[in-house]
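Trainee: One structure, as structure tokens, below. Some questions next.
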Number of protein chains: 2
Amino acid sequence: MSILCVGSVALDSVETPFAKADRVLGGSAVYFASAATLFAPVRVVGVVGDDYPLAELGFLAKRGADLSGIEEREGKSFFWAGRYHSDLSGRDTLATELGVFADFQPKIPEPFRQSRLVFLGNIDPSLQHDVLDQVESPQVVACDTMNYWIDGSRESFVSLLDRVDILMVNDEEARQLADEPNLLKASRWIRERGPDIVVVKKGEHGAILFADDWLFFLPGFPLEVVFDPTGAGDAFAGGFMGHMAASGSLDTADLRRAMVYGSVMGAFTVESFSVDRLIDLTPDTIEERMLEFHEMTAFEAHIEVEERV
Amino acid sequence: MSILCVGSVALDSVETPFAKADRVLGGSAVYFASAATLFAPVRVVGVVGDDYPLAELGFLAKRGADLSGIEEREGKSFFWAGRYHSDLSGRDTLATELGVFADFQPKIPEPFRQSRLVFLGNIDPSLQHDVLDQVESPQVVACDTMNYWIDGSRESFVSLLDRVDILMVNDEEARQLADEPNLLKASRWIRERGPDIVVVKKGEHGAILFADDWLFFLPGFPLEVVFDPTGAGDAFAGGFMGHMAASGSLDTADLRRAMVYGSVMGAFTVESFSVDRLIDLTPDTIEERMLEFHEMTAFEAHIEVEERV
């Protein structure tokens, strides 16, 4: 099953305490697709300027991405530059040049309109509405956003929630959206407005899935070196939706596994600049880290041991 | 198997955004024993002034605590007063009156000296050394500390590490001790100086056990209300060591379960002031939360599913 993904296709310049990368592949749609195509085909919708190195997205096409929804326009591509703080937990934005992205009007190509799985990357909520208007009958709509839209386009975003099945945000965004510091209460507030599932990403502290009568909490994968945190959240979404597309299942066992695949892809992503680590990943390497997650978190509850004896 | 526990037996006055408690039971030894006695007998060594409501510790004696190592001296008991910030993640100390604790010289009663399991609560490292000098051949020594000693008595504390099997500290303390922001590297630094196991407590974000070639990472139990965070770390240690004493096992399956029982006891503790929530806990309630932790974290790795099919 293919996933329709709409988001930014950008160039990033990133400085970390370790190194510097200049005008490398970035943007929510690129990170999402780089992770999701390891599991299932992805249809990408976005816009780039005539300066974009589209050939560098060739690895996505090879893995079954349909890039025909990336519109090429005269002008500059979306460019973001940032510098991470020494502990990598915060960052300063040095430049944001919207370029052709400023007038982005997502046009969903005819063959993409019957997509059953939709990922709305972090863009203006009014554009996220526009995308859904063009999709015929999506089965699962997952959605990301950021503090900028929660603050500045609150009404539009809250009305979008009713059209979303899975909201994926980080802990600060969840708290800000619900105006509630407690994540259990915040996720309930959000779910009351539409999404059946809220996935809260907590960076190095892991991620929590909140559903109606259950939750799943996976810790972050401990890494010796976090090289560049950019895009981890979008890669998480890619692993999550990718597993969902590959398994074709929404049962709780598969949603739990989707959380793990999301975390696996997020953890790989931060090991290098841009999507570098995701380009040559093999299914075996992914499964290996999946098992490492299992080994790191599994325990036998006492009662099972007693039953076993 | 009994656990020897040496630490503070104190009175706390605590203000939270929700309420206020005045001169209630507190101190590392009290929190530890309140959790650990739900699993195994505990021998408590500490000192109190003649103002201490020792009768209020009766519930510990009923659960198999031997309180004969609590010395009663003329003067005031150790008193701490603090006020938590609105999000409960930070606190201000309003008063610290050491009282008779200022001259505390732990004397381990003769019948306690053959204890196989020892918990050194957060006290001056030179006193932690003194305790170990008096114990004949401990099998497992677990130890807590705080930034104050890591900073001010660094040499004494680092030399203690060689006598410790399990160091239990919070994430900031681990980073400070090893002068290393990355927890994987910090725990390796610590383990190279003695402890086979380092348990890093991360509050609401859970706890990680680092051993030589494996680690176990349990998320924090999501709570709607954190009423009073005081003592959660000591209650964690109590649940951890309590299970160790009850199971008599140090194998990895039991160390994982010890982590869960520690987290369970920490989560109960923060639901009320002081040790209130621990006084009437039943084994069934504890097992129930153990299973909730399991339900919240368990997943089947993909490869197992394939094998099962």
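The values are calculated or read from the model by the stated rules, or taken from the named source; none is laboratory data. What you see is a predicted model; the values in this text were computed from it and never measured. Positions of Cβ are generated from backbone atoms using ideal geometry, with glycine treated the same way; all protein chains shown enter the neighbour counts. When the accessible area is computed, the model is the full protein with side chains, heavy atoms only, and any ligands, DNA or RNA have been set aside. Shrake-Rupley method; radii C 1.70, N 1.55, O 1.52, S 1.80 Å.
Trainee: Scan the strands (runs of 3 or more DSSP E) fully inside segment A:1-86 and keep the ones with 3 or more residues being not hydrophobic (A, V, I, L, M, F, W, C).
Mentor: Qualifying strands (runs of 3 or more DSSP E): A:10-15, A:20-26, A:65-72, A:78-84.
Trainee: Let me ask something additional. Restricting attention to segment A:114-136, which residues are assigned to a strand (DSSP E or B) and either out of contact with any strand residue (DSSP E or B) (no Cβ under 6 Å at 6 or more places or on another chain) or not aliphatic (A, V, I, L, M) (or both)?
Mentor: Correct list: A:Phe119 only.
Trainee: Can you tell me which condition A:Cys143 does not meet? The list is (1) more than 28 Å from A:Met1 (Cα to Cα); (2) in contact with a helix residue (DSSP H, G or I) (Cβ under 9 Å, 6 or more places away or on another chain), and all the others hold.
Mentor: (1)
Trainee: Another question, then. Output the residues belonging to segment A:257-291 that are open to solvent by 20 Å² or more (accessible area, probe 1.4 Å) and within 14 Å of chain B (Cβ to nearest Cβ).
Mentor: A:Glu271, A:Pro283, A:Asp284, A:Thr285, A:Glu287, A:Glu288, A:Arg289, A:Leu291
Trainee: Turning to a different aspect of this structure: Within 8 Å of another protein chain (Cβ to nearest Cβ) and open to solvent by less than 20 Å² (accessible area, probe 1.4 Å), is that true of A:Gly238?
Mentor: No; evaluated as a whole, the condition is false for this residue.
Trainee: A follow-up question, please. Residue check: is B:Lys185 touching a strand residue (DSSP E or B) at 6+ places or on another chain (Cβ under 6 Å) and either within 14 Å of another protein chain (Cβ to nearest Cβ) or of a type outside the set (A, V, I, L, M) (or both)?
Mentor: Considered against the rule, which asks whether it is touching a strand residue (DSSP E or B) at 6+ places or on another chain (Cβ under 6 Å) and either within 14 Å of another protein chain (Cβ to nearest Cβ) or of a type outside the set (A, V, I, L, M) (or both), B:Lys185 comes out as no.
Trainee: Out of the residues in segment B:210-223 meeting the condition of being touching a residue at least 12 places away in the same chain (Cβ under 8 Å) and more than 10 Å from chain A (Cβ to nearest Cβ), tell me which one is most open to solvent (accessible area, probe 1.4 Å).
Mentor: Within segment B:210-223, the match that is most open to solvent (accessible area, probe 1.4 Å) is B:Asp212.
Trainee: So, one more: Determine which member of the set A:Arg113, A:Arg91 is among the charged types (D, E, K, R) and open to solvent by 80 Å² or more (accessible area, probe 1.4 Å).
Mentor: Only one candidate passes the filter, namely A:Arg91.
Trainee: Looking only at segment B:166-182, which residues are of a type in the set (D, E, K, R) and within 14 Å of another protein chain (Cβ to nearest Cβ)?
Mentor: The answer is B:Asp171, B:Glu172, B:Arg175, B:Asp179, B:Glu180.
The rows are residues; the columns are (1) more than 9 Å from every other protein chain (Cβ to nearest Cβ); (2) open to solvent by less than 20 Å² (accessible area, probe 1.4 Å).
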site	(1), (2)
B:Leu160	yes, yes
B:Ile190	yes, yes
B:Ala207	yes, yes
B:Val225	no, no
B:Asp234	yes, no
B:His243	no, yes
B:Ala246	yes, no
B:Thr252	yes, no
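Trainee: Could you tell me which residue of segment A:137-158 is surrounded by the fewest Cβ atoms within 10 Å (Cβ to Cβ), considering only residues that are part of a helix (DSSP H, G or I) and acidic (Asp, Glu)?
Mentor: Checking each candidate, the answer is A:Glu155.
Trainee: Could you go through segment B:13-34 and let me know if any residue there is open to solvent by less than 10 Å² (accessible area, probe 1.4 Å) and closer than 20 Å to B:Leu250 by Cβ.
Mentor: Yes, segment B:13-34 has at least one match.
Trainee: Hey, another quick one. In segment B:199-249, how many residues are among the acidic types (Asp, Glu) and closer than 20 Å to A:Phe217 by Cβ?
Mentor: Here the count works out to 2.
Trainee: May I ask you to say which residue of A:Leu54, A:Leu38 is modelled with pLDDT of 95 or more, open to solvent by 10 Å² or more (accessible area, probe 1.4 Å) and within 25 Å of A:Lys20 (Cβ to Cβ)?
Mentor: A:Leu54
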